[in-house]
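K.L.:
Starting off with a structure, shown below.
The values are calculated or read from the model by the stated rules, or taken from the named source; none is laboratory data. On a predicted model such as this, the values are computed, not experimentally measured, just so you know. Glycine also receives a Cβ, built like all others from the backbone with ideal geometry; neighbour counts cover every protein chain displayed.
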Amino acid sequence: MKSSNCISALKVVLLVFAVVFSNFIQAQQSYFNVPSSDRTKEGEFFFQQQLNYAEKEITSNSTFDWGITKHFEVGLNVLQVNYLNGAVLRRSDNEITPDEMVYPLITANCQYFFPISEHHQFSIAAVSGFSFLNKLSLKENAALVFSNYQYHKHGLKITAGIYAGNNHMMSTGTRFPFSNINSPIGFQIGSEISVIHEKLSIITDYVSGTHAMGMSTLGIAIAVPHHWVISVGGFFPNINSVNPKGIVMEFTRAL
């Protein structure tokens, strides 16, 4: 099957899944680019669909998670599906190098939670996968690991932590902020502030570095009927990054 046919089929599958299964999939709200480290309840499912619009690209990121126990969840991601034919931000040709991102990515994820108290928790997580459209990329897994601390109380949620990812997941560029240090580790932080209880929130997040995910995002989350949350924001590249500015929208099934 040609690559274009594979991508078209994948787009259809994602849209059908979102429509058909939205009536029973449940999830917690998360940030735009920084994992919020909200726990998926045992025996329940998480679904989030993200759309990003920037110059010459409209990309989709989908996340499906399942709460295995009170402290452990696993899931799948479909990342960087480009809806504009011919637009290339994440290269997927036959000349992939160790310094190059690939797309679309099919990844597995897992996260384990360590509750500290009623308002504090700690978690560790891993995401790993490959692009099924390119044989060379099967030899070079995309990988990301991170560890987060979360504080939540009285309408305020803050998540902060460190991450490390290879170039096939994040592309070239620094991880550590405001320097040219070739560190494999960067940091991330996100927050959600309730403006109108359970109706409107302000969301911010930041991923350090000049790689493809290094950016800041500011937006709002609006709760709509039938337990959905719609989030809209703008993303802005970090200093010295070549990332474009753009608009992000998320659809999240909320408890």
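K.L.:
Filter segment 198-212 down to the residues that are free of Cβ contacts under 8 Å to residues at least 60 places away in the same chain and assigned to a loop (DSSP other than H, G, I, E, B) and list them by number.
P.N.:
Once the filter is applied, which keeps residues that are free of Cβ contacts under 8 Å to residues at least 60 places away in the same chain and assigned to a loop (DSSP other than H, G, I, E, B), segment 198-212 yields E198, K199, S208, G209, T210, H211.
K.L.:
Next question, about the same structure. Within the bounds of segment 71-82, is there any residue that is out of contact with any helix residue (DSSP H, G or I) (no Cβ under 7 Å at 6 or more places or on another chain), assigned to a loop (DSSP other than H, G, I, E, B), surrounded by 15 or more Cβ atoms within 10 Å (Cβ to Cβ) and modelled with pLDDT of 75 or more?
P.N.:
yes
K.L.:
Give me the strands (runs of 3 or more DSSP E) completely within segment 95-181, filtered to those with at least 1 residues that are at pLDDT 85 or above, charged (D, E, K, R) and surrounded by fewer than 19 Cβ atoms within 10 Å (Cβ to Cβ), ordered by residue number.
P.N.:
Numbers: elements: 105-115, 120-130, 142-153, 156-165.
The strands (runs of 3 or more DSSP E) meeting that bar are 142-153.
K.L.:
Among what's in segment 196-245 and is over 22 Å from A54 (Cα atoms) and in contact with a Ser or Thr (Cβ under 6 Å, 6 or more places away or on another chain), pick the residue that is surrounded by the most Cβ atoms within 10 Å (Cβ to Cβ).
P.N.:
So, considering only residues that are over 22 Å from A54 (Cα atoms) and in contact with a Ser or Thr (Cβ under 6 Å, 6 or more places away or on another chain), the one surrounded by the most Cβ atoms within 10 Å (Cβ to Cβ) is S201.
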